[in-house]
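Enquirer: For reference, the structure I am asking about is given below.
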Amino acid sequence: MGRGVRGAAGGIGAIRQGLLRDDARYSPIAFRILTLPLRPHNVDVNMLLPGGATATGMIPDDVPSAMRDRLLSPDVMAEPILYLCAHASDGLTGERLVATEFAAWLRAREQR
């Protein structure tokens, strides 16, 4: 089975400009639409979220420095991405992972 990870980001600017909904209730519907039909074909679909606004090139210039100082580093995504690309995640599908909570999620998963 091949591996691929695709991310999507929006951040503060996208929410402020109305490009993304600031409401997590709408994501699970689209997520299930992707996950269920692909499961029989051994295609794993998982959602990875940073866990907060992230310092990317998408943050508008007019965001105050006090707010910029609180942004997550994009590096927060590295460990969960590596996990999702490894064989350790074979068969993991339909999960909503939050990068800032990944270590605790992984410990709980390994204890099952």
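Enquirer: Give me the net charge of residue 105's neighbourhood, meaning all other residues with Cβ under 14 Å from the Cβ of residue 105; Lys, Arg count +1, Asp, Glu -1.
Expert: 0
Enquirer: Extending each Cα 7 Å along its Cβ direction at residue 98 and residue 43, get the distance between those two points in nm, one decimal.
Expert: Calculated label separation equals 2.9 nm.
None of the figures in this text is laboratory data; all of them are computed from the coordinates on show. Quick caveat: nothing in here was measured; it's all calculated off a predicted structure. Ideal geometry is used to build each Cβ from the backbone, glycine not excepted, and the neighbour counts take in all protein chains shown.
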